[in-house]
There are 2 protein chains.
Amino acid sequence: MTGDSTAARATETPAPVATGASDPEGDLGWHLGVMLRAYQSTVGVVVGEFPHATRGYQILGTVVRGQEPTQLALAARLGIDRTVMTYLIDDLVAAGLVERRQNPADRRARMIVATEQGSRAFEQLELRVRATEDRLLGALDAADRETFRALMARVACAVKDVDAQTDPCAVVTDVLGVEAR
Amino acid sequence: MTGDSTAARATETPAPVATGASDPEGDLGWHLGVMLRAYQSTVGVVVGEFPHATRGYQILGTVVRGQEPTQLALAARLGIDRTVMTYLIDDLVAAGLVERRQNPADRRARMIVATEQGSRAFEQLELRVRATEDRLLGALDAADRETFRALMARVACAVKDVDAQTDPCAVVTDVLGVEAR
DNA sequence: TATTGTTATACTCTATAACTATA
DNA sequence: TATAGTTATAGAGTATAACAATA
């Protein structure tokens, strides 16, 4: 539907093209929004069977990888309020995907670990999610896609560092090594 | 439900690094979330004087550039519900940044145009926003940053096309339904 | 006293539906 | 009948504060 809206633009302003920096290419915020909405409406559907869709998937993924085992660390990493994290974990536990365990080193903190079912479910879903992500990046060929993912990772990890919430994109090394081990 | 979940994945597993695809580098959703939160907490502060921060800024930018003059088109482009757009425009009008005008061709539709004040405010803010965005991409040198922005634009525009909400990233040339590219 | 997690409350944002005025 | 916009209401999501348990 190409609406030939005649006489759209009002009388005075003659040149809609704005100053140099004003090209849409530079609208990073808009690009981010578009991508996130697309992500939610595609990946979100794929992981829709999970308690909280993309967030449940991300939590489970972090847990399966053994990163950030405590609720607070999970919340910080995923940008979720700790009071919200309680509910999310509740639902993941109810679904049998993760478990709360006591940390002998710090009895205040709960360690979140994936159940067998949770690990399997995540493994299966992850492939589909990756495929969906790739389709999301369909405008790029394989090489550009990898470049994009790498640049994205660098940016996100640096940002994470700036925020100083938790460790940056440190590769997973050891789970319980926070205190013991 | 719970209870007899047998030894979920406890201390036995020494290698938390998961299967091939499971490296954090590939977690596009997490990267997107990190970036968006960083965007909101940096650019959002810069444009904090605007009625609705980043969204007000994005709306005003779209209007200043002469894209999507009607509220519905604005809403579709920015992924905002049309009932929400009413309030947002209300506040932008109250702030003297934009105006609602009658479209003589279709008296149902309102055309949103930027006021002088709005255009000036946006021009000034855009420079600061761009600078903030660049700081957000600080992990990348100038060349990588441009590459990233370009790839991002390609992805977002293709996604937009898939969603078929409105026209894709047509370069702004003319408001009157001239399609670029 | 500070921290982790939980709960309850309140607030913000968004979606749903109904209504108007135009087409 | 369908579309653009507005308004009102309800819902989901989120943050704030108070609390208990532990450090």
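Summarising the amide proton neighbourhood of A:Val98: residues at separation of 5 or more, or on other chains, whose placed amide H is nearer than 5 Å comprise A:Val93, A:Thr115.
With a 10 Å cut-off around each Cβ of A:140-150, the average count of Cβ atoms from other chains is 3.
Per-peptide packing, taken as the mean over residues of other Cβ atoms within 10 Å, places A:29-38, A:128-137 in the sequence A:29-38, A:128-137 from highest down. Model label sites at A:Asp141 and A:Thr83, defined 7 Å from Cα along the beta-carbon direction, differ in position by 5.2 nm.
Taken along the Cα-to-beta-carbon direction at a fixed 7 Å, the label points for A:Arg108 and A:Ala94 span 2.8 nm. Translational diffusion coefficient of the range A:19-154 (Stokes-Einstein, Kirkwood radius from Cα pairs, 10 °C, 1.306 mPa s): 96 µm²/s.
Classify the range B:56-112: rounded, prolate or oblate, from the alpha-carbon gyration tensor (a ≥ b ≥ c, eigenvalue square roots; a/c under 1.5 rounded; otherwise prolate if a/b is larger than b/c)? Judged from the Cα gyration tensor, the range B:56-112 comes out rounded (a/c under 1.5). Apply the Kirkwood formula to the range A:42-81: the hydrodynamic radius equals the inverse of the mean of 1/r over all pairs of different alpha-carbon atoms; give it in Å with one decimal. In the range A:42-81 this quantity evaluates to 10.3 Å.
Laboratory data are not the source of any read-out in this text; all were calculated from the coordinates shown. Please read all numbers here as calculations on a predicted model, not as lab measurements. Using ideal geometry, Cβ is built from the backbone for each residue, glycine included, and neighbour counts are taken over all protein chains shown.
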